[in-house]
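Below is one structure, written out as structure tokens; the observations come after it.
Nothing in this text is a laboratory measurement; each read-out follows from the coordinates by a stated rule. Computed from a predicted model, the values in this text were never measured in an experiment. Quick reminder, even Gly has a Cβ in these numbers, built from the backbone with ideal geometry, and neighbours come from all protein chains shown.
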Amino acid sequence: MNERGSMLAQPLQRPPAGRVLLFLGLFVLGGVVGVAGALVQAGWFPGGLLLALAGEAGLLLGGARATDGRGGAVAPAAGWMIAVILLTASRPEGDFLFGAGGGSYLFLLGGMAVAVICATLGLGRQPMGRDVRLGK
């Protein structure tokens, strides 16, 4: 047990600048994957949709692995969500990127489902070191 008490009782500390930059980079990369997926899923319908969702899942799980926590999956998921929502809005000229077909809805809903699944299954806090298992 920690001698200093619960983590909730500790004063807040500023995260290192490198960690903040890592999360910011994952957020921007999530937006880029969202834009690329929006373009690919419409171009090659069945394969493009699977490629876009697989790319998103790879980024989210890679982010979780890189940061050793679920926050690494949440940051790119937030970037993906914001980029896709901005792309669904119509422009004043009446143009928009997503069509009204089923593929667009599968991309939107499937992408949200992938984000929730990867953020939930992302690496949680696991104890590390020799003293993890009792009796050793």
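A simple rule links phi to the HN-Hα coupling: the Karplus curve 6.51 cos²θ - 1.76 cosθ + 1.60 with θ = phi - 60°, which for the range 41-55 gives 5, 7, x, 10, 3, x, x, x, 5, 5, 5, 5, 5, 5, x Hz, with x for Gly and Pro. A simple spin-label model places the labels of Val116 and Glu93 3.6 nm from each other, with each point 7 Å out along Cα-to-Cβ. A Förster distance of 30 Å, applied to the separation of the beta-carbon atoms of Tyr105 and Ala17, puts the FRET efficiency at 0.15.
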